[in-house]
Amino acid sequence: MYSFEFAKPKTIDEAVAALAGEEAQALGGGQTLLPTMKQRLAAPATLVSLNSIPEMIGVCVNDAGHVCIGGATPHAVVAREAAAHYPALAALAGHIGDPAVRNRGTIGGSLANNDPSACYPAAALGSGAVIKTNTRDIAADDYFLGMFETALNEGEIITEVRFPVPQKVNYQKFVQPASRFALVGVFVAKYADGVRVAVTGASSDGVFRWAEAEAALNADFSKAAIDALSPPEGTMISDLHGTDAYRAHLVKVMTGRAVAAA
Amino acid sequence: MTQVTMTVNGKAVTRDVEGRTLLAEFLREGLRLTGTHVGCDTSQCGACVVHVNGNAIKSCTALAADLDGASVTTIEGMANPDGSLSVIQQAFQDHHGLQCGFCTPGMVMSAAALLKENPKPTETEVRAYLEGNICRCTGYHNIVKAILAASGQDVGAIAAE
């Protein structure tokens, strides 16, 4: 990879200052960014590590009962520490990549990258999470703008993600066997104010809510309720791992499994 | 250049590194600890797995400068103090858990991390934990046997396969 300056701030304020520099880029666990830089697809002038900021690491439950995860918390820590508070989220975190990747990759890194096949975007959108940055709170519904695109501004840092805990919830991932990313992943969560269905891996626009399924499940939370539906085929990813029709089919199958298991 | 201090296999080391120096390069080229192998360099194969502050990570996908102050254990730190093989290493030898040996350092480091977390894993749990460690020789059976044996379990059942 190309040479760069390295900064390792100890506080959020120091990180924000470091990221104000020309062509500075935040570094989470680096499980995507470092391979990208090795391929010279990214070449920041300064890399600002967010891994040594204690206030950004850890899992807690706030007064509203929301599970709050620091932006620099590795997946393995979420898998362990969120298990008692939000088991489905902990299980999702515990199945990202492989064990060594989970010890390094972070929730903030995953959400900032917004890979169209990543698991965390489905959890955040499916839970109606709030993405807290150094400047504002962003609702998950306003955060994901498309493949690798988010509402984050230049130099803005995800400091925490807050998840309301659903009454019923399940995440079903159909793993692409080589990459371990989701070929299709569906996160179904039932809250007092309605059901949310978030789909990752399938759409060329990145993670999305399957509104039709949500409406059907609001009326009847059962696998049978979605039997007659068909997910939108036109926007599905089509590549060597699966056609758009195959992915659309998987969306329905995985949604059904998630509802049955919730 | 950034000055980095780590404890590697119990010994304090200080070196000047570039921002882009990977932990694997730091270990192999800086400290000449060449037991840590780099197979794919894209974090798929797991040959480069080491422990950082007790956690298994892929050293080809972490920056040395980011790990200033960390405690690192590599395959060179796995043998017993008298130089004899550790239980896990011995089990790999006893059960022929390697052929060419290239993936073995990573396999042993991942196995050690697994057994620390889960001292009596099932065969399925062992296989799941090795998801990020690729071996192109053995077909994994003998690696799984070795790890089960190292956990003090009878490998008779799987040995019969």
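The values are calculated or read from the model by the stated rules, or taken from the named source; none is laboratory data. Bear in mind that the values here come from a model prediction, so they are computed numbers and not experimental data. In this analysis, Cβ positions are derived from the backbone assuming ideal geometry, glycine residues included, and neighbour counts consider all displayed protein chains. Calculation scope for accessible area: heavy atoms of the full protein, side chains included, ligands and nucleic acids excluded. Shrake-Rupley method; radii C 1.70, N 1.55, O 1.52, S 1.80 Å.
Note on segment A:201-222 and segment A:28-104: Cα centroid distance 26 Å, given to the nearest whole angstrom. At what distance in nm do the modelled label points of B:Asp94 and A:Asp205 sit from each other, each positioned 7 Å from its Cα along Cα→Cβ? Placing both labels 7 Å along Cα→Cβ, they lie 5.9 nm apart.
Which pairs in the list A:Lys38/B:Lys11; B:Lys120/B:Lys145; A:Lys173/B:Lys116; A:Lys168/A:Lys223 are over 23 Å apart, alpha-carbon to alpha-carbon? The pairs that break the limit, which is 23 Å between Cα atoms, are A:Lys38/B:Lys11; A:Lys173/B:Lys116.
Residues of segment B:111-141 that bury at least 50 Å² of accessible area when the other protein chains are present, relative to the chain alone (probe 1.4 Å, heavy atoms, ligands and nucleic acids excluded): B:Glu131.
Scanning chain A for DSSP H helices at least 24 Å long along the axis (C-alpha atoms) with a Kyte-Doolittle mean no lower than 0.0 picks out A:244-261. Note on A:Ala91 and A:Lys10: the model spin-label points, each 7 Å out from Cα along the C-beta direction, lie 4.1 nm apart. On the basis of the beta-carbon distance and an R0 of 25 Å, B:Thr14 and B:Asn53 show a calculated FRET efficiency of 0.90.
Here the 3J(HN,Hα) profile of segment B:26-31, calculated from phi with Karplus coefficients 6.51, -1.76 and 1.60 at θ = phi - 60°, is 4, 6, 6, 8, x, 9 Hz, Gly and Pro shown as x. Around the amide H of A:Ile237, modelled in the peptide plane, lie the amide H atoms of A:Ser203, A:Ser204, all under 5 Å away and 5 or more residues distant in sequence or on another chain. Computed with a 1.4 Å probe over protein heavy atoms only, the accessible area of A:Cys68 comes to about 10 Å².
Mind giving me the FRET efficiency for B:Asn80 and A:Asp193? R0 is 41 Å, r the Cβ-Cβ distance, nearest 0.05 is fine.
Details: r = 59 Å, r/R0 = 1.45.
E between B:Asn80 and A:Asp193, to the nearest 0.05, is 0.10.
The calculated FRET efficiency for A:Thr243 paired with B:Gln3, based on their beta-carbon distance and R0 = 51 Å, is about 0.45. Computed over protein heavy atoms with a 1.4 angstrom probe, the accessible surface ordering of B:Arg136, B:Arg20, A:Arg104, largest first, is B:Arg136, B:Arg20, A:Arg104.
Over segment B:10-132, what relative contact order in percent results from Cα pairs under 8 Å that are six or more residues apart? Before the final figure, lay out the partial values.
Values: 161 pairs, mean separation 32.3, N = 123.
Answer for segment B:10-132 is 26 percent.
How big is the gap, in Å, between the Cα center of segment A:3-22 and the Cα center of segment B:8-44? Here the two parts' Cα centres lie 24 Å apart.
What shape does segment A:147-228 have by the C-alpha gyration tensor, where a ≥ b ≥ c are the square roots of the eigenvalues, rounded means a/c under 1.5, and otherwise prolate means a/b greater than b/c and oblate the rest?
Numbers: a/c = 2.01, a/b = 1.35, b/c = 1.49.
Oblate, since a/c reaches 1.5 and b/c is not below a/b.
Taking θ as phi - 60° and the Karplus parameters 6.51, -1.76 and 1.60, the scalar couplings of segment A:40-51 work out to 6, 8, 9, 8, x, 6, 9, 10, 10, 6, 9, 8 Hz in sequence order, x denoting glycine and proline.
Overall form of chain A: prolate. Here a/c, set by the Cα gyration tensor axes a ≥ b ≥ c, is 1.5 or more, and a/b is the larger of a/b and b/c. Reported to the nearest whole Å, the Cα centre-to-centre distance from segment A:155-198 to segment B:48-106 is 34. Accessible surface ranking for A:Ser117, A:Ser49, 1.4 angstrom probe, highest first: A:Ser117, A:Ser49. Within a straight-line Cα-Cα reach of under 15 Å, A:Lys252 can be paired with the following aspartates and glutamates, leaving aside sequence neighbours fewer than 8 residues apart in one chain: A:Glu212, A:Glu214, A:Asp227, A:Glu233, A:Asp244.
Counting only protein heavy atoms and using a 1.4 Å probe, what share of the accessible area of segment A:17-58 belongs to carbon plus sulfur, as a whole percent? Don't jump to the answer; show the numbers that get you there.
Details: 930 of 1870 Å².
The C+S portion of the solvent-accessible surface of segment A:17-58 is 50 percent.
Largest to smallest in accessible area, the residues B:Met78, A:Met236 fall in the order B:Met78, A:Met236 (1.4 Å probe, all protein chains included). Using a 1.4 angstrom probe on protein heavy atoms only, the contact between B and A buries about 2000 square angstrom of accessible area, both sides summed.
For A:Val175, the residues whose amide H sits under 5 Å from its own are A:Leu183, ignoring neighbours fewer than 5 places away on the same chain, with H placed 1.01 Å from N. Estimated at 0.36 nm per residue, the fully extended path between A:Arg136 and A:Arg40 surpasses their Cα-Cα distance by 31.4 nm.
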